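Visitor: Right, I'll just put the structure down here and ask away after.
The values are calculated or read from the model by the stated rules, or taken from the named source; none is laboratory data. If you're wondering where the values come from, they're calculated on a predicted model, not measured in any experiment. Methodologically, a virtual Cβ is constructed for each residue, glycine included, from the backbone with ideal geometry; neighbour enumeration extends over all protein chains shown. In case anyone asks, the SASA skips ligands and DNA or RNA and just uses the protein heavy atoms, side chains included. Shrake-Rupley method; radii C 1.70, N 1.55, O 1.52, S 1.80 Å.
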Amino acid sequence: MSALSETLAPPVINSPAKKLPRALLIGVAASSCGALLLELALTRLFSVVLFYHFAFLAISIALLGLGSGGVFAYLRKHWLAGFETRSLLSALCVANALAVPAVLEICLHLGVSLELSRVNFVRLTAIYLVSAVPFFITGVEFSVLFAREAEHIPWLYGADLAGGALACLLVVPLLNWLGGPNTVLFAGAMAAGAGAVWAASPGARRLTLVLAGALMLLIAANHSSKLIDIVYAKGKFRDPAWVEFARWSAISRVEVDRQQDAKAIVIDADASTYIMNAAPGQWKGTAWERNLMSAPPALANVLRPHGDYAIIGPGGGVDVLRAVSNGSPSVTGIEINSIIVNTIMRGRYADYAYHLYERPEVHIHVGDGRSFIRNSKQSFDVVQMTLVDTWASTGAGAFALSENSLYTVEAFREYFEHLKPDGLVAVTRWEFHQPREALRVVSVAMQALHDLGVGDPARNFIVVSEGQLNEDGIPVAVLAKKSAFTPEEESAVRDHMTAYRTLTPIYLPSKFEDTPFSTLISSNDPYAFARQYAYNVTPVNDDAPFFFFTLKLGQVLGHHQGLDQGIDWKVNLGVVVLGMVLLISMAAVLAFLIVPLAVRAGHPGQSPVPLLFYFVAIGLGYILVEIAFIQRFVLFLGHPTYALTVVVFLLLLSSGAGSLASRRWLDKAGRSVLPLALIASTILLYVLILPGILNALVGMPFVAKLAVSATLLAPLGFAMGMPFPSGLRALASSQTAEARDNAIEWAWAMNAGSSVLGSVLAIVIAIQFGLNVTLACGAAAYLAAFLISPKLRPAA
């Protein structure tokens, strides 16, 4: 995404000598908007049809396509010179508009699972390369136009950035109104529209307008009849006969499926929650009462039947129905997905759910659960989360889930701080024969209690499961208090388990059994316990909020024999698949960017390879910083989709302004190192102060948060936009005429290639070491560029 701003457009080198035709500017803006819109829409689509680990795959694909398109335009420039500019651009737009629906169909019909197999590797590679085709065409378009209109680059570059910024503003409403597949088609219509603007003849213009109109008609038809929708998801065929209702949004794809005698809300074709079909006043003695009260989360209702509840992620209303039916006078639900709350529970299925979310004692809020709790002035008897883990990407990529921030030490401290003096936190997670999820909840809660001054929380936990632990996974409830559980409370839990024999005690304060839970709690040191345990169950924090990733490094590298492979295995295995994506990215960069230019150059001595590492450094630095910022702003802005849109928009716009300003400010020798020093030092400063600033200001209104985001990101983005164009000018002026051509193309390709690899590498670093280390690595990359930059000073 430096990427889209920097790879699409070469640097600003010359000033415009004459007025540029307005059609070229409009065409550039439309084409740029369509390209970035396609990239952002693919992040949403990949999270459904693949897994959320692949959301950043779209960024890698876009960068590869744009870079390889530029390389192709360079290698075939003599052949392309035979075509008139506007005719060529219009034809490329037609090809792009036709390629987009084809890419969509292939992505929807190629089922890729998380199984490590040759078939999956081939299918994933096919999706990767086919999806890069529209970006490849866009790369050719822009390379040709900028090369032929070099004297107008400032104006063209401004139009490019304006189009990219417009895409950032459009993506959320388009996903909400049209859905994922239709937003992809809309990007194709934008490409056709750009072709109409660029068309050199009335006949060509009519053709492109007809194509754009056909795509808009297809969008309209698909919006009502669902002609094009999910076919395969997570490697499995999705039978449309099951689906009663489906709708996309910027957050997720939500459908309601018929499942025997029940209706289930299914999120991103993966996580599900049942719609409660029972009236609270009439459930006594029914199957609903038996089923709900025999589940582990019911222990919170047993201990606090008349308490005030805060339920994070209520979904179809399981915990809400249980709380209301047991006598709670106030149930506050915080659900991040407005489709579930307003369209399903208060709208289409309100009668089926007996208007549960419209009862006077039920208060449902649409928003991020942790942000709501943190900003609430209310205290609760129970803060409850039951299997809140959509495992579905929200646009920001691997493990950048809103739910992840719910399971950190800082989050649990906030939950405890918003309890009444005798309140409790009740978290239900899946658990297995070799415990890791509920066990990690205990680990996180224990560290939070330590931070709040509880020296030995041995009597502050109760853990109960739904039967015996097994490899497939069963629900396990962890109850935690700031104060010790009383004998009366423990007796009430025992009586309830006697009444419902499906429940099994795993840890009770007065009963020690040799289980990992008992060992962890009695050790009173979650970090020491985790070092010796088979899985990584160390407490997670906001800097590395990857709660669901429980493999240790050696297990990631393949030493996972003897480990359970339950329903959480897709999360752990997803990190291994990220490595597969990294390998595919590396192979693609070599095949489509580096090797063609190396063959063309012929003699290595013609290309200043050591100097070109400057462009590797700034490309890697930009993408590392950008992705770290996206993840860091998730909690602050309340949702990953907002973080992605706001961060990319601000960095794209401000970096473009910095690139435009770089020629005027950095012409003199020696000045080009100043932005690099400023960038590296500012990033390191942000490593120290950014978490504190965002935490302190998280309670502000959303509009104020946008202003804070702009204040924090725009100045840094302005500086980050300068090194690439100033480096290319310096490289061009320092080379002989014979070598200059190859050197500039190599620099462009290496910058794009490092961004492709960095988009995956950023996630790997964040998972293993945290977001602060990811940011610090970005600063180190800029520091490396600073050390190389003296050799790139422009000739006097």
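Visitor: Sorted by average packing, counted as other Cβ atoms within 10 angstrom per residue and highest first, what order do 272-279, 159-166, 201-208, 616-623 take? Before the final figure, lay out each step's value.
Guide: Numbers: 272-279: 19.5, 159-166: 23.4, 201-208: 14.5, 616-623: 28.0.
For the peptides 272-279, 159-166, 201-208, 616-623, the packing ranking is 616-623, 159-166, 272-279, 201-208.
Visitor: By how many nm would the segment from Gln260 to Ala677 lengthen if fully extended, with 0.36 nm per residue of separation less the alpha-carbon distance?
Guide: Working: separation 417, 0.36 × 417 = 150.12 nm, distance 6.33 nm.
Full-extension gain reported as 143.8 nm.
Visitor: Is the C-alpha gyration tensor of the range 499-547 telling us rounded, prolate or oblate? Criteria: a/c under 1.5 is rounded; beyond that, a/b larger than b/c is prolate, otherwise oblate.
Guide: Details: a/c = 2.66, a/b = 1.72, b/c = 1.54.
Judged from the Cα gyration tensor, the range 499-547 comes out prolate (a/c at least 1.5, a/b above b/c).
Visitor: Under the 0.36 nm per residue contour assumption, what length would be gained going from the current alpha-carbon distance of Ala126 and Glu361 to full extension?
Guide: Taking Ala126 through Glu361 to full extension adds about 79.4 nm, to one decimal.
Visitor: Which loop-located trypsin sites (Lys or Arg not before Pro) does the range 459-529 contain, where loop means any DSSP state but H, G, I, E or B and the Cβ has at most 10 other Cβ atoms within 10 Å? Could you put the intermediate results ahead of the total?
Guide: Values: sites: Arg459, Lys481, Lys482, Arg494, Arg501, Lys511; in loops: Arg459, Lys482, Arg501.
Here the trypsin sites (Lys or Arg not before Pro) that fit, given the DSSP loop and packing criteria, are Arg501.
Visitor: Can I ask one more? Given Lys377/Lys482; Lys236/Lys552; Lys481/Lys552; Lys234/Lys552; Lys377/Lys481; Lys263/Lys284, which pairs have Cα atoms separated by over 26 Å?
Guide: The answer is Lys236/Lys552; Lys481/Lys552.
Visitor: If the label point is 7 Å along Cα→Cβ of Ser522, which residues in the range 528-543 have backbone nitrogen under 19 Å from it?
Guide: 528-534
Visitor: What net charge is computed for the residues neighbouring Ser87, neighbours being all others with C-beta under 13 Å from the C-beta of Ser87, Lys and Arg scored +1, Asp and Glu -1? Could you put the intermediate results ahead of the total?
Guide: Numbers: positive: Arg86, Arg148, Arg205; negative: Glu84, Glu141.
After counting each charged neighbour, the total is +1.
Visitor: Here's a follow-up. Packing-wise, with mean Cβ within 10 Å as the measure, how do 304-315, 259-270 rank, highest first? Don't skip to the end; give the middle numbers.
Guide: Values: 304-315: 23.8, 259-270: 17.2.
Sorting 304-315, 259-270 by mean packing, highest first, produces 304-315, 259-270.
Visitor: Taking only the C-alpha atoms, wrap a convex hull around the range 318-384 and report its volume per residue in Å³ as a whole number. Mind dumping the intermediate values first?
Guide: Working: hull volume 5.6 nm³, N = 67.
Dividing the Cα hull volume of the range 318-384 by its residue count gives 84 Å³.
Visitor: Keeping the other protein chains in place, figure out the carbon and sulfur percent of the accessible area of the range 396-524, with a 1.4 Å probe. Intermediate values should be presented prior to the final figure.
Guide: Numbers: 2150 of 4290 Å².
For the range 396-524, the apolar C and S fraction of the accessible surface comes to 50 percent.
Visitor: Here is a further query. With a ≥ b ≥ c taken as the square roots of the eigenvalues of the C-alpha gyration tensor of the range 442-485, please select rounded if a/c is under 1.5 and otherwise prolate if a/b is larger than b/c or oblate if it is not? Show your work: numbers first, answer last.
Guide: Values: a/c = 3.74, a/b = 2.32, b/c = 1.61.
Prolate shape, in that a/c is at least 1.5 and a/b is the bigger ratio.
Visitor: If we restrict to alpha carbons, what Rg and Dmax does the range 199-267 come to, in Å?
Guide: 17.9, 61
Visitor: Counting Lys and Arg as +1 and Asp and Glu as -1, each charge on the Cβ, what is the dipole of the range 456-561 about the Cα centre in debye, to the nearest 20? List each step's numbers first, then the result.
Guide: Numbers: 8 positive and 13 negative charges, 20 e Å.
Result for the range 456-561 is approximately 100 debye, rounded to the nearest 20.
Visitor: Still on this model: Rounded to the nearest 20 debye, what is the charge dipole size of the range 260-371 about its Cα centre when +1 sits on each Lys and Arg Cβ and -1 on each Asp and Glu Cβ? It would help to have the intermediate numbers written out before the result.
Guide: Working: 9 positive and 11 negative charges, 49 e Å.
Charge dipole, the range 260-371, about its Cα centre: 240 debye, nearest 20.
Visitor: Follow-up question, since we're still on this one. Could you please report the charge total around Gln447, scoring K, R as +1 and D, E as -1 over all other residues with beta-carbon less than 11 angstrom from its beta-carbon?
Guide: Details: positive: Arg413, Arg440; negative: Glu410, Asp451, Asp525.
Net charge in that neighbourhood comes out at -1.
Visitor: Apply 1/(1 + (r/R0)^6) to the Cβ-Cβ distance of Leu787 and Ala23, taking R0 = 56 Å, and write down the FRET efficiency to the nearest 0.05. Numbers along the way, then the final one.
Guide: On the way: r = 45 Å, r/R0 = 0.80.
Taking R0 as 56 Å, the efficiency between Leu787 and Ala23 is 0.80.
Visitor: Of Val266, Pro296, Ala310, which is farthest on the positive side of the dipole of the range 260-335, counting Cα position, with +1 on Lys and Arg Cβ, -1 on Asp and Glu Cβ, and the Cα centre as origin?
Guide: Pro296
Visitor: May I ask you to compute the full-extension gain from Arg247 to Arg348, defined as 0.36 nm times their residue separation minus their alpha-carbon distance, rounded to one decimal in nm?
Guide: Details: separation 101, 0.36 × 101 = 36.36 nm, distance 1.22 nm.
Net length gain for the segment: 35.1 nm.
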